[in-house]
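Below is one structure; the comments refer to it alone.
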Amino acid sequence: MTTEAELTGSAASAAPPPDIEEAAGAPAWGALLVVLAGLFITNLDFFIVNVAIPSLQRGMHATSAEIQLVAATFNIGLSAMLITGGRLGDLYGRRRIFSLGLALFTLASLACGIAPNMGELIAARAVQGAAAALVIPQVLGILTTTYAGKARVAAFNAYGLTLGASAVFGQLIGGLLIKADVFGWDWRTIFLINVPIGAVVLLLTPKLVPESRADGHTGLDLTGVVLVTAGLTAVVLPLVEGREQGWPTWTWECLAAAVPLLGAFWYTQRRKAARGRSPLVNPSLFEDRAFGVGVVSLLVFFAAMASFFLVLALYLQEGRGQSALRSGLLFVPLGLGFFIGSVQAPKVAAKLGKQVLALGALLLAAGDVALAETVWHLDTSGSVGWCIPAMVLGGVGMGFVVAPLTSLVLEGVAPHHAAAASGVFSTAQEMGNAIGIAVIGVVFFSVAGHGTGAHTYAHAFGTSLFVQAAICVLVAALVQLLPRAKASGPDAVPETA
C-alpha cells in the first residue's frame, strides 16, 4: 500500500531507489516489464475487438448500431480521458493511478466477458476505455521519472516495441483466442484473458514499481477537465461514428462545437499558468519545439498506421474471404519487420539522429506503394503470400518511427510534468487513430462503392494505400522541423548534418 511519505514526497525525493538506477545502461527489467504488461493489454483492446465482431454479432444477436458502439464507446472513453488521467498521475502518484486504472480495467474486462446483453457490454466497454486512459499515460510517466541516460532510451524503445506489437499482433492474438474457444467462451475470451493478466500485474506493481509524483499539493483543474473532455469527445465521437451513419448533421455540429470548447480549454490553461496556478496541461510544455512538433508528427503518423490495419483487415476478410485467424497470420511478416526495425532503430538513430524518423516514414510509404501494386497485380487470383515482402518493408518503417519518436518527444519534459505530457502524447496517438480511420475509411468505401467482389476490394485497398503513403511522406517532412539533438548529455542522440 502507498505510504503517506510516498504521496507527499517531491519529484526529487521520488528518485529511483538504487536497484532501479541505471546499471551498465540497462533498465531494471522488473519494473519495466510490469508497466509494459499493463500497457500491452490496455492498448490491445483498441484493436482486438474488431476480430470478434462476427462471432459477437451472432452470439448476442446484435444490431449493426450496437456493434459499432462496442468499439466506439471504448475509443471515446480512452481519447477523452487520457489528458486528465495523465494529470491525475502527476498529482496523486503515478503508481497509485496506474494501479487504480488497471484494477478498473480488469473489472471492466470481466464485466465485458460475462455481459448477458449488449447494453451491459457497451457500458462495460465505456468503463474499459476510461480505465485504460488512467493506465496508459502513467506508463510513460513512470519510465520518464524512473530511468535516466541509456536506461531511459532502452525503456522508451521497449515502450515503442510494446505499443507497436499490441497493434500489429492484435488481430492474430484475437483470432487465436477465438479459434481456441477455451471453455466454449468464444468471443468472450478476448475480454476474460485480461483478468488473470491484470491480477498478476496488480500484485507485482507495488513490489517492483517505484512511486513518483509532481511537486506541491495543488488540486485538479476541474474546469480544464470538463472542457477538454467535452472538446475531445466532440471530435472523436463523430469521427468514429460518422462514416457508418452517413455523416448526419449532428456529426458536423459536434466537430464545429469542438473548436470553441478546445479554444476555451487552451485559454483557461494559459490563464491559470500565467497566474501561477496549476493547469491541467501546462502550456510551457509546447515551448519545447521537440515536444510540439513531435506530438503533431505522432498524430499524423498514427493516422497512417491505424488506418493501415483497418483496410488490410477489410481486404483480407471481406475481399479475399479469409478467416480472422488466417488473415491475422499475414500480420506476422509485418510484425517481423516491425521487430527488426525497432531493434535496429537505436543504432540507426545514433548515426542519423532525427532522420531515422524520416527514413522510417519513407520506408513505410514505399511498403504501402509496393503492397498496392502487388494487390492490384494479384486482383482476384494469386496467393496473398506475394504481399509478404511489402509487409516486411512496411513493418521495418514502423519500427524506425515508433520508438525513436517517443524518446525525442519526451526527452526534454520536466519530471514533474511527466504523466501530463504522456497524456498529451497518448491523446495525439488516439486522435491520429480516429482521424486516420475516418479519412481512410471514407476513401476505401467510396472506391469500393456497393461492390463486394475481390476486384472491388483490391482496388479500394490499393487506392487507400496510396493515400497512406502520402501521409507518411508528410511525416517525413514534419520531422525536418524537429530541433537537432543536444550535443551533450546522457540522452543526447548525435545527428549528422
- Determine, yes or no, whether Gly337 is small (Gly, Ala, Ser) and either in contact with a Lys or Arg (Cβ under 9 Å, 6 or more places away or on another chain) or not assigned by TED's automatic domain parsing to the domain that holds Val401 (or both). no
- Scanning segment 179-228 for residues that are polar (S, T, N, Q) and under 30 Å from Tyr92 (Cβ atoms) gives Asn194, Thr205, Ser212, Thr218, Thr223
- Item | Unmet criterion (only one of (1) among the aliphatic types (A, V, I, L, M); (2) surrounded by fewer than 20 Cβ atoms within 10 Å (Cβ to Cβ); (3) at pLDDT below 75; (4) assigned to a helix (DSSP H, G or I)) for Ala419 | (2)
- Note on the structure: Among helices (runs of 4 or more DSSP H) entirely inside segment 294-384, those with 2 or more residues being at pLDDT 85 or above and crowded, with 20+ Cβ neighbours inside 10 Å are 331-352, 355-378
- Within segment 103-150, work out how many residues are under 27 Å from Met60 (Cα atoms) and not charged (D, E, K, R). 28
- Task: Please list, ordered by first then second residue, the pairs with beta carbon atoms under 6 Å, 6 or more apart or interchain, first in segment 398-411 and touching a residue at least 24 places away in the same chain (Cβ under 8 Å), second among the charged types (D, E, K, R).
- Result: Glu411/Asp491
- Query: For Gly335, are the conditions met, namely being in contact with a Gly (Cβ under 9 Å, 6 or more places away or on another chain) and among the small types (Gly, Ala, Ser)?
  - Reply: yes
- Take Ile190 and decide whether it is buried (at least 21 other Cβ atoms within 10 Å of the Cβ), more than 30 Å from Val401 (Cβ to Cβ) and touching a residue at least 12 places away in the same chain (Cβ under 8 Å). no
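Is there a residue being among the β-branched types (Val, Ile, Thr), closer than 17 Å to Ala434 by Cα, at pLDDT below 85 and assigned to a helix (DSSP H, G or I) anywhere in segment 238-246?
Of the residues in segment 238-246, the ones among the β-branched types (Val, Ile, Thr) are 240.
Right, trim to closer than 17 Å to Ala434 by Cα and you get 240.
Those still in the list that are at pLDDT below 85 too: 240.
In the following step, the residues that additionally are assigned to a helix (DSSP H, G or I) were identified as 240.
Yes, because at least one residue in segment 238-246 is among the β-branched types (Val, Ile, Thr), closer than 17 Å to Ala434 by Cα, at pLDDT below 85 and assigned to a helix (DSSP H, G or I).
Going by the conditions given, is Val343 among the aliphatic types (A, V, I, L, M), assigned by TED's automatic domain parsing to the domain that holds Leu362 and under 29 Å from Ala155 (Cα atoms)? Full working, then the answer.
Values: among the aliphatic types (A, V, I, L, M): yes; assigned by TED's automatic domain parsing to the domain that holds Leu362: yes; under 29 Å from Ala155 (Cα atoms): yes.
When the stated conditions are applied, Val343 passes them.
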- Single match in Ala273, Ala264 (criterion: touching a helix residue (DSSP H, G or I) at 6+ places or on another chain (Cβ under 6 Å), more than 30 Å from Ala158 (Cα to Cα), among the hydrophobic types (A, V, I, L, M, F, W, C) and free of Cβ contacts under 8 Å to residues at least 12 places away in the same chain): Ala273
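What are the residues in segment 43-52 that are more than 15 Å from Ala115 (Cβ to Cβ) and modelled with pLDDT under 80, if any? Outline the logic, then answer.
Step one: of segment 43-52, the residues more than 15 Å from Ala115 (Cβ to Cβ) are 43-44, 46-48, 50-51.
Those that are more than 15 Å from Ala115 (Cβ to Cβ) and modelled with pLDDT under 80: Phe46, Phe47, Asn50, Val51.
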- Task: Could you tell me whether Ala154 is buried (at least 19 other Cβ atoms within 10 Å of the Cβ) and under 17 Å from Ile41 (Cβ atoms)?
- Result: no
- Message: Please pick out the residue among Phe183, Phe156 that is more than 23 Å from Gly432 (Cβ to Cβ) and part of a helix (DSSP H, G or I).
- Response: Phe183
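The values are calculated or read from the model by the stated rules, or taken from the named source; none is laboratory data. Owing to the predicted nature of the structure, the values given are computational and were not obtained by experimental measurement. Don't worry about glycine lacking a Cβ; one is built from the backbone with ideal geometry, like all the others, and counts go over all protein chains shown.
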